[in-house]
Structures are given as C-alpha cells and as structure tokens.
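S.K.: Sharing a structure with you now.
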Amino acid sequence: MRLLKILFLFVVFQASAQQGGMWIPSLLEGMNEDEMQNLGSKLTAQDIYDVNHSSLKDAIGHFNGGCTSEVISDQGLVLTNHHCGYGQIQSHSSLENDYLKDGFWAMNLEEELPNNSLFIEFIVSIHDVSEVVLKGITDTMTETEKQSLISKNSNAAMKTWPRESWQDVKTKAFYEGNQYFLFVTERFDDIRLVGAPPSSIGKFGSDTDNWVFPRHTGDFSLFRIYADANNRPAKYSKDNKPYKPKHFLPISLDGVEEGDFTMVFGFPGTTSEYLPAVAIEHITKDYNPTNIAIREAALKVIDQKMKESDAVRIKYASKQARIANAWKKWIGENLGIKRSNAVEKRREFEATFTKALKEKGLEDKYGNILPEFDRLYKDFAPINIKRRNFIEVFLVTNELMQMTFRAYQVEQALIANPENLERGKEVLTGQLRGIHKNYDAKLDKGVFENVMKLYQPNNVNSLIYGETAFTNLESALQLLEGDTETVIKNLNNDAAYTYAKPIIEEFFNTIDAEYQQKNAPITALQTQYMTALMEALPNERYFPDANSTLRVTYGQVRGYSPRDAVYYNPVSYLDGVIEKYIPDDYEFDVPQKLIELYEAKDYGQYANKNGKVPVCFLGTNHTTGGNSGSPAIDAHGNLVGLNFDRVWEGTMSDMNYDPEICRNIMVDLRYVLFIVDKYAGAKHLIDEMKLVHPKTDNSKKKKKRNKKKK
Ligand code: ARG
Ligand code: GLU
C-alpha cells in the first residue's frame, strides 16, 4: 500500500512540476503553449514558429553544426559564445595580433574577417514525414531490413520535396526512430568575425569555473552573415552584402529577475532521457569512472607541463580545455545521478510501467523489454567500456597513438587499393601537420606513460618515443615518401607504429566488431521501449531526445540548492568578477580597462535597478551541448541572455532532468552590451541593434489603462 502511494506521487510529480523537455518548434500549440503561458510567457506558438510569416525561429542559426547563434540586427549581425567562435578567433590570431588574448573588434564592415569553412544554417520549415518514412516497416523484418527501407523511403521523400534551388532538405529520426521529420534549410557560408572580448572576459574563470555557479564569464563573440546581391546564401565574395534576415531579436535592457519566464531556442546535440535504470547504472558506476580516470591521468601531465612553460601552455590551451570539459562534466553527472537517487527513481518508474503493462493487457507484447535490457546490458557493459577506453587513449589524450591510428587507416586504404596513394598521403600529411602544429613530445610521452597504464598495464613501452619518426614532423612526413609499397614498408619499420598496430588491429577486429554486434539489439530495444512507454503510459510527458535539430526549452529564472544549507542566487554581478580577480592569473586575471570602468561605475544604460551590472544568470531551461550560443528569450520575444553552460550537479539532465537541481547558465545580455559599448568602444554595433524596455513599457501601458478606468 505504501509503495503504491509513493508510485502515485511520483507520477503526479512528473506530470505537473517537471518542466524539462526539448520541444519541436512546429508542435508547440496546445500543451507547450499553455505551459509556457502559465510560466509567464506572452508568446503564442505562431510567434515562435510560423511558416507563412516571419517568426522567432528565423533568427536562430545552427553555428558550424555544433553550436547555436542568433541574428540581432537587420544587418545580419550574429551573436554566439566565445567558446563557439574560439577556433575562428584563434585562426586569425598571431603573436603580433593576439585576438585570443587581447580581443578583436572590427570598427567597420571592411575590417570584418572572413572565415574558411564556417557556416550558419537556418530552418525554413519542419514537416512530419513519419508515415512516408516508416511505410512498409513490419515487426517481422530484421533490424537491417528495417534500416535499409527507412533510408530508401527517406531519400525518396527528400528528393521530391518542394524547395527553392538554394535550399537543402534533410530528415531526422525522433523518439528513438518512432517518428521522422523533414527539415528544409538554408545555409550561409560567408560568415565574418566582427568582435570578440579578450579571453580574460570571454573565458574568465576557465576550467575552475567551468560547469559551476557562481559564474562570471562574458562568453560571447560576434559574427556577421553575408549574402549575395539577392540576399541568398553564397560562397565568400568581397561583393557580398550583409544579410537581411527575416527576423532578428530585439534586446531587452530590462533583463529578467527570479521567477521570470525564459525560453532557450537552439540546437541541442544529444540526450538519452529514456534509458532503463540498468543503463544509467552502467554509465555512472562503471563507464564514466574509467574514462574520468584516463582523462585525469592525462591532465595531470598536461596541467603540470603547461604551468612549467608558456610555450607549452599556449600550444595545449585548446586541447586541455577540450579534455577537461567532458572530464569535469562526467564527474558532475555522476554526482547529480547519485544525489538525486536517479537510478532508484528510474526503477520505481519501471515498476509503474510494468504495472501499466499488466493492467492494459500489454504484457505479452512488451513484458520482456526490461528483463531483456538487463540481460543485454550485462553482456554489453565490458565491451562498451573497453571500446571507449581505447578511444580515450588513442583519439582523445595521446597524440603519438593518434598519429599511428591515422597512419593505420591510411595503410588499410592503400592495401585495399594502391591507387589511394596520393589521396592517402594528402590526408595523413594534413593530420600530422594538424597535430604537430601544437605538439610537445615530452609532454606527450608523459601522457602516454600515464594513460597506457590504464589501458594495457603490461604493455607500456615508452622507449618508442626515442625511436619513432612520428614525434618530429619532418621525419614523420619522410615516412610518406615513395610509392605504395615503400610507404607501407616505412610505416611497418617504425617503432611506434609496430607497437601500436596490434592494439589498433585488436580494436577494429575484435573490440569494435563485438561492440557493434552487442549494441545493435540495444538500439532496437530502445526503439521498442519508446513505443511501449507511449502506449502503456500515454499521459506521461514525452519529448524527443536531442538530435541536433532546432528545439524550444523553457522555464524560469531560479536559483538552486546543490547540497544542505547551500543556496545559489540566480544572478551574478560585475562585483563578483572583481572579487575573483587574481592579477596575472591564467584563469582569473581581469583587463585593466574593465577594472577602471568598475571603479568609475561607468555602466551607461547597462546597470540593473540596483546600480549593478548583471553578468550571468540561472534558469530551469533544459539544455545540453549544442545549446551553447542559444538565445535566452523573455516573455515578449526579446533577447535577454546567451546560454553557455549548466551547473555541475545538473549535467545529469542529459539522462535525468531534475527540476530541483538542473539549471542552465546564461550571460546577461546587458553584460554583453556593456562590454561591446563601454569596454570595446564599438558603439556602432550597439547602434545597429534594437534595444527595448518591455518591462517599463508595460507598466506605462498599465498606468494608462488604470487612468482610463478612473
Ligand atoms: N562547459 C561549457 C560547454 O560544455 C563551456 C566549455 C568552454 N569553456 C571551457 N572552459 N572549456 O561546452
Ligand atoms: N557549453 C556547452 C556547449 O558547448 C553547453 C553547455 C551544456 O552542455 O549544457 O554546447
């Protein structure tokens, strides 16, 4: 009886208080629209997504396939994160013009910097094509048969879908393959760098503050979209003109405060919200810890060497950030799952599911799913760990092993067809140059000794560093001289290559093969589980897992309590930047100019009612990687924040969104404008934006109305 009560409570709680979810923008009418308005939104579903008129979605661009960006002027000015534009800012930087360190501001259109292979993609329209794509799929088909029919159907749909000559189409699976949507898109390839703050603002707090609150990072950069004479997508040309968008976001100078509605509109990458308890347990108890250990072993060496030498620090800055980012995220994920009892809660939910199957006579159809998950995961867990550990060592942390891995792939291509020689040389040369651009063999040797110990403890031979040609670019490239036979012979005479080759072969022939074979039935079962959930518990809240398509998530500005007696206020201020200031520190230095502005309280129109400049704020919006650079939009459709991170204990929201502790972190737009205007003196950029005062305007309207009543 008591158990029943608990289960009942759990379900009710899920349905009412839970605000998680990443929703499809074309399907907001009804439940989402109501829920958003209950949270304070004044927007209709059509304000957000409309195919016939311009709407908010027309301002949201997928930035280079991995981040989100938004248009903020009628001249195609675009805002995204500093860490999203990092590669471009770095590529224009040199010792003389160190834009990473000092920042960059184009003072007119001529000074804006073009970027190779950077693109922004907009969504023109979204269509449910489930019926056509799933046509002919039957339960008796094998997984391979199903997949091949699905891709045939979806290719046919894309081929004939109506679109303009400059537009593209793609289809994507939703709800673990239970639904398919088609997207008509427009991709712009002439994107120029307009502005970036120095890293001491854009990356303030670096690793120490990454994934945590309170946060004081001005994580933004500015770009501009250029289009051809007809305002259509075009390759770079100096004759291109600033793009005239269908919609751009006005910026609110009134900001938001605790309890205010916000929505985040962007391109979240991947989530796994419908995993069985056994999978969450596997990931957090066994899988994450091994990968955390490998990264930790690598970071121990990298961090130390970066402290010892400035040259090494510059070389490894970006790589270290990449390794440390997921390392710290996984630790937080484990912590959050444990603290919120996510595994136990998921088991309780599964009991509800099982009970519903019984009640609805669905046991025969779906009753084997959960026991089957248990059986499959038990079998899958060791190989999943082994495979990922290989990737962590060979592709993430150790560069010498990465070079041998790339060389192995080229050797395989040459064995398959000797005519691949030129292309193979070209590809490998590019990869070797890429790695050697920022390479330190001593550091890498230290990493090798530390990480290989965790992968093959009895097979750590760091002597290869003294014998191999790969640790030096010139000698590495010499391995590639000559005909196919010579290249293959050269590689197989190299000490590092002969050391690594059997390990790589084991990976491809045994580990990855076994992984694929054991993962396939899990994927198929996950699809069936999703179907079963929706059938057995139709009143639950189902949103499709993130899949790099455009989504809306919404919530309110809220602080949170990560542990007993600790509460984080939802807003941080410039005062906090100054509190954290450590002169000349790699993470917490503050530019002199910013200190002067702070001391003079020279905040212009960017201060709060209390006379302080807000820097970052928290919300209950359900976000993930890929939401970086996404706009936080207020109740009226104005830009108020720029999403860039989540709080540590809340990173588990990729598997388990918990409204108690899951928060996204946004930069307050007033801090962005303050930096652009007062710090950088780029007033011309402020002038092209549309700054609004929705809160004060509303109160005026209200007063007027009140007067009339009298
Ligand atoms: N944690 C944020 C995101 O996942 C920001 C990462 C960039 N910042 C950094 N210090 N590495 O990607
Ligand atoms: N920083 C992440 C990104 O690059 C967003 C933070 C998150 O994972 O929520 O997309």
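S.K.: Could you count how many residues in segment 604-633 are open to solvent by 10 Å² or more (accessible area, probe 1.4 Å), away from ligand 2 (no atom under 16 Å from the Cβ) and in a loop (DSSP other than H, G, I, E, B)?
M.R.: Qualifying residue count, segment 604-633: 6.
S.K.: All but one of (1) open to solvent by less than 60 Å² (accessible area, probe 1.4 Å); (2) under 28 Å from Ile522 (Cα atoms); (3) among the acidic types (Asp, Glu) hold for Asp128, so report the exception by its number.
M.R.: (1)
S.K.: For the list (1) part of a helix (DSSP H, G or I); (2) surrounded by 21 or more Cβ atoms within 10 Å (Cβ to Cβ); (3) modelled with pLDDT of 95 or more, I need the number of the one condition that Ile89 fails.
M.R.: (3)
S.K.: Is it the case that some residue within segment 638-649 is within 14 Å of ligand 2 (Cβ to nearest atom) and assigned to a helix (DSSP H, G or I)? Break it down stepwise before answering.
M.R.: Residues of segment 638-649 that are within 14 Å of ligand 2 (Cβ to nearest atom), as a first pass: 641-649.
Imposing the further condition that a residue be assigned to a helix (DSSP H, G or I) reduces the set to 648-649.
The answer is yes, given that some residue of segment 638-649 is within 14 Å of ligand 2 (Cβ to nearest atom) and assigned to a helix (DSSP H, G or I).
S.K.: Further question on the same structure: Do we have Val343 as modelled with pLDDT of 95 or more, more than 16 Å from ligand 1 (Cβ to nearest atom) and of a type in the set (Val, Ile, Thr) here? Reasoning before the result, please.
M.R.: Values: modelled with pLDDT of 95 or more: yes; more than 16 Å from ligand 1 (Cβ to nearest atom): yes; of a type in the set (Val, Ile, Thr): yes.
Here the answer is yes, as Val343 does meet what is asked.
S.K.: Moving to a separate point now. Assess whether Asp589 counts as being open to solvent by 30 Å² or more (accessible area, probe 1.4 Å) and either of a type in the set (A, V, I, L, M) or at negative phi (or both).
M.R.: Numbers: open to solvent by 30 Å² or more (accessible area, probe 1.4 Å): yes; either of a type in the set (A, V, I, L, M) or at negative phi (or both): yes.
So Asp589 fits the description; yes.
S.K.: Return a yes/no flag: does segment 505-513 have any residue that is in a loop (DSSP other than H, G, I, E, B) and over 16 Å from Glu399 (Cβ atoms).
M.R.: Quick first cut of segment 505-513, residues in a loop (DSSP other than H, G, I, E, B) only: none.
No.
S.K.: What are the residue pairs meeting all of these: first residue in segment 18-30, first residue open to solvent by 10 Å² or more (accessible area, probe 1.4 Å), second residue among the aliphatic types (A, V, I, L, M), Cβ atoms under 6 Å, and 6 or more apart or on different chains?
M.R.: As it stands, the answer is Trp23/Val552; Ser26/Ile126; Glu29/Ala45, since those pairs meet every condition given.
S.K.: Considering only residues that are surrounded by fewer than 22 Cβ atoms within 10 Å (Cβ to Cβ) and aliphatic (A, V, I, L, M), look in segment 543-570 and name the one that is farthest from Gly21 (Cα to Cα).
M.R.: Only one residue tops the list, namely Ala565.
S.K.: In this structure, does Asn519 turn out to be at pLDDT 95 or above, within 26 Å of the chain's Cα centre (by Cα) and open to solvent by 40 Å² or more (accessible area, probe 1.4 Å)?
M.R.: Working: at pLDDT 95 or above: yes; within 26 Å of the chain's Cα centre (by Cα): yes; open to solvent by 40 Å² or more (accessible area, probe 1.4 Å): no.
In short, no.
S.K.: Still on this structure, I have one more. For residues in segment 45-59 being assigned to a helix (DSSP H, G or I) and under 23 Å from the mean Cα position of the chain (by Cα), which is surrounded by the fewest Cβ atoms within 10 Å (Cβ to Cβ)? Walk me through it before giving the result.
M.R.: Narrowing segment 45-59 to residues assigned to a helix (DSSP H, G or I): 45-48, 56-59.
Of the ones still in play, those that are also under 23 Å from the mean Cα position of the chain (by Cα) are 48, 56-59.
Values: Ile48: 26, Leu56: 22, Lys57: 23, Asp58: 19, Ala59: 24.
Residue satisfying both the conditions and the ranking: Asp58.
S.K.: Return yes when Gly681 is open to solvent by 10 Å² or more (accessible area, probe 1.4 Å), part of a loop (DSSP other than H, G, I, E, B) and away from ligand 1 (no atom under 16 Å from the Cβ) and no when it is not.
M.R.: Details: open to solvent by 10 Å² or more (accessible area, probe 1.4 Å): yes; part of a loop (DSSP other than H, G, I, E, B): yes; away from ligand 1 (no atom under 16 Å from the Cβ): yes.
Yes, satisfied.
S.K.: Exactly one of (1) modelled with pLDDT of 95 or more; (2) within 28 Å of Ala680 (Cβ to Cβ); (3) surrounded by 14 or more Cβ atoms within 10 Å (Cβ to Cβ); (4) out of contact with any strand residue (DSSP E or B) (no Cβ under 7 Å at 6 or more places or on another chain) is unmet by Val78. Its number?
M.R.: It is condition (4) that Val78 fails.
S.K.: Is at least one residue of segment 320-340 more than 25 Å from Lys101 (Cα to Cα), surrounded by fewer than 17 Cβ atoms within 10 Å (Cβ to Cβ) and away from ligand 1 (no atom under 16 Å from the Cβ)?
M.R.: Looking for residues that are more than 25 Å from Lys101 (Cα to Cα), surrounded by fewer than 17 Cβ atoms within 10 Å (Cβ to Cβ) and away from ligand 1 (no atom under 16 Å from the Cβ), one finds at least one in segment 320-340, hence yes.
S.K.: Given (1) in contact (Cβ under 8 Å) with a residue 60 or more places away in the chain; (2) in contact with a helix residue (DSSP H, G or I) (Cβ under 9 Å, 6 or more places away or on another chain), identify the lone condition not met by Tyr581.
M.R.: Unmet for Tyr581, out of (1) in contact (Cβ under 8 Å) with a residue 60 or more places away in the chain; (2) in contact with a helix residue (DSSP H, G or I) (Cβ under 9 Å, 6 or more places away or on another chain): (1).
S.K.: Limited to segment 31-88, what total is found for residues that are within 16 Å of ligand 2 (Cβ to nearest atom) and small (Gly, Ala, Ser)?
M.R.: 6
S.K.: I've got another one for you. Mind checking which pairs have a first residue in segment 319-330 that is closer than 16 Å to Gly205 by Cβ and away from ligand 2 (no atom under 11 Å from the Cβ) and a second that is in a helix (DSSP H, G or I) and of a type in the set (Val, Ile, Thr), Cβ under 6 Å, 6 or more apart or different chains?
M.R.: Gln320/Ile302
S.K.: Here's something else I'd like to know. Among the residues that make up segment 192-208, is at least one of them within 13 Å of ligand 1 (Cβ to nearest atom), under 19 Å from the mean Cα position of the chain (by Cα), surrounded by fewer than 21 Cβ atoms within 10 Å (Cβ to Cβ) and in contact (Cβ under 8 Å) with a residue 40 or more places away in the chain?
M.R.: The answer is yes; a qualifying residue exists.
The values are calculated or read from the model by the stated rules, or taken from the named source; none is laboratory data. Since this is a predicted model, take the numbers as computed values, not measurements. Positions of Cβ are backbone-derived with ideal geometry, glycine not excepted, and every protein chain shown enters the neighbour counts. The accessibility values were calculated without ligands, DNA or RNA, using every heavy atom of the protein model including side chains. Shrake-Rupley method; radii C 1.70, N 1.55, O 1.52, S 1.80 Å.
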